[in-house]
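These notes are about the structure you will find just below.
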2 protein chains.
Amino acid sequence: MEHILVRSGKREDIPSILNLIKELAAYEKEPNAVVISEEALMNDAFGTDSAFEFIVAEHDGIVVGTAIFYYCYSTWRGKYIYLEDLIVTKQHRRLGIGGKLFEALIKRTRAEGLRQFGWQVLDWNNLAIDFYKKYNATLDESWVNGRLYFNP
Amino acid sequence: MEHILVRSGKREDIPSILNLIKELAAYEKEPNAVVISEEALMNDAFGTDSAFEFIVAEHDGIVVGTAIFYYCYSTWRGKYIYLEDLIVTKQHRRLGIGGKLFEALIKRTRAEGLRQFGWQVLDWNNLAIDFYKKYNATLDESWVNGRLYFNP
């Protein structure tokens, strides 16, 4: 696929990013789970107390994919990049765009001298699992996600 | 249990924290997984680009437990506190110390108006799972941890 530009996220990408987040939530069978607003995303990405970063894949000036990430900390291996969401919009899937985004973050992990790059994948998402296996990723099913939810 | 003080972590706690991290790794059947150094922990907690925070439980001036945490980001629910490790040293377990540490972070989550508090637990760790169930936590087994490791 030609004319795919991978670049850092910008303020004007936020509406497209929220659409991609909603598209992923629907794909993950949780269409109503997205309670975050465009305003909150804008502030959390570009405010003084930034909570995440993102890169985008652009095709003919349109954002068709994103990788949303931030730094986490392993008490075994130190600081690392955690990929929260890797999303390519439906009509642009299976063209290698996800790979370009994923590899950009691997490159950044290496460039920063970090020992680990991490993410989570749903156990039924075989397309995604096959994608990660191509990178010889370690896929560990032994951890359970614990959560407490609040409605402030 | 009396004389348990829960307080913010300090520089001089780092050697105790590394011992607790190693104790947890051994309990989790990964005794050789801890490659992090005292120096790296010190820098990552108290350096200019801080990557985690911790609180400790102190008994008669000795650190007997810790909760190590940092901020993560859910694209569904926004910024949240993620509990990386909750550790109480073996001879002080089952005395309510873990609960004091865990509840301190729940209190902080609420005080900051966040919508989520998160952690992971190994699927065979029934003692820990029973502990989290007392808080009516959501325990979700459907996510697989993906990792790529590097040795810079």
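Considering each residue of region B:115-124, count those that are buried (at least 16 other Cβ atoms within 10 Å of the Cβ) and more than 7 Å from every other protein chain (Cβ to nearest Cβ), and give that number.
0
From the list B:Arg115, B:Arg94, pick out the single residue that is touching a strand residue (DSSP E or B) at 6+ places or on another chain (Cβ under 9 Å), charged (D, E, K, R) and at positive phi.
On the way: B:Arg115 fails: at positive phi.
Testing whether each residue is touching a strand residue (DSSP E or B) at 6+ places or on another chain (Cβ under 9 Å), charged (D, E, K, R) and at positive phi leaves just B:Arg94.
Just need a number here: residues in region B:42-83 that are hydroxyl-bearing (Ser, Thr, Tyr), within 11 Å of chain A (Cβ to nearest Cβ) and not in a strand (DSSP E or B).
Step one: list which residues in region B:42-83 are hydroxyl-bearing (Ser, Thr, Tyr), which gives B:48, B:50, B:66, B:70-71, B:73-75, B:80, B:82.
From what's left, within 11 Å of chain A (Cβ to nearest Cβ): B:50, B:66, B:70-71, B:73-75, B:80, B:82.
Among the residues that remain, those that are also not in a strand (DSSP E or B) are: B:50, B:75.
Going through region B:42-83 one residue at a time, the tally reaches 2.
Within region A:86-113, which residues are more than 19 Å from A:Lys134 (Cβ to Cβ) and at the interface with chain B (Cβ under 9 Å from one of its Cβ atoms)?
Across region A:86-113, the qualifying residues are A:Glu112, A:Gly113.
So which residues in region B:126-152 are assigned to a loop (DSSP other than H, G, I, E, B), within 9 Å of another protein chain (Cβ to nearest Cβ) and more than 20 Å from B:Ser74 (Cα to Cα)?
In the first step, residues of region B:126-152 are kept if they are assigned to a loop (DSSP other than H, G, I, E, B); the result is B:134-137, B:141-142, B:150-152.
From the residues that got through so far, the ones that are within 9 Å of another protein chain (Cβ to nearest Cβ) too are B:135-137, B:141-142, B:150-152.
Across region B:126-152, the qualifying residues are B:Tyr135, B:Asn136, B:Phe150, B:Asn151, B:Pro152.
Looking only at region B:1-41, which residues are open to solvent by less than 90 Å² (accessible area, probe 1.4 Å), in contact with a Leu (Cβ under 7 Å, 6 or more places away or on another chain) and not in a helix (DSSP H, G or I)?
Across region B:1-41, the qualifying residues are B:Val6, B:Glu28.
Select from region A:42-80 the residues that are open to solvent by less than 30 Å² (accessible area, probe 1.4 Å) and of a type in the set (Ser, Thr, Tyr) and write down the one among them that is farthest from A:Glu23 (Cα to Cα). Can you show your working first?
First, the residues of region A:42-80 that are open to solvent by less than 30 Å² (accessible area, probe 1.4 Å): A:44-45, A:47, A:51-52, A:54-57, A:63-70, A:72-75, A:78, A:80.
Retained after the next criterion (residues that are of a type in the set (Ser, Thr, Tyr)): A:66, A:70, A:73-75, A:80.
Working: A:Thr66: 12, A:Tyr70: 21, A:Tyr73: 28, A:Ser74: 30, A:Thr75: 33, A:Tyr80: 27 Å.
Only one residue fits best here, namely A:Thr75.
Rundown of residues vs (1) more than 13 Å from the chain's Cα centre (by Cα); (2) of a type in the set (Gly, Ala, Ser); (3) more than 17 Å from B:Arg7 (Cβ to Cβ), yes/no style:
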{"residue": "B:Gly78", "(1), (2), (3)": "yes, yes, yes"}
{"residue": "B:Arg93", "(1), (2), (3)": "yes, no, yes"}
{"residue": "B:Lys107", "(1), (2), (3)": "yes, no, no"}
{"residue": "B:Leu127", "(1), (2), (3)": "yes, no, yes"}
{"residue": "B:Phe131", "(1), (2), (3)": "yes, no, yes"}
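The values are calculated or read from the model by the stated rules, or taken from the named source; none is laboratory data. This one's a predicted model, so the numbers in the text were calculated from it and none came from an experiment. Using ideal geometry, Cβ is built from the backbone for each residue, glycine included, and neighbour counts are taken over all protein chains shown. For accessibility, only protein heavy atoms count, side chains too; no ligands or nucleic acids. Shrake-Rupley method; radii C 1.70, N 1.55, O 1.52, S 1.80 Å.
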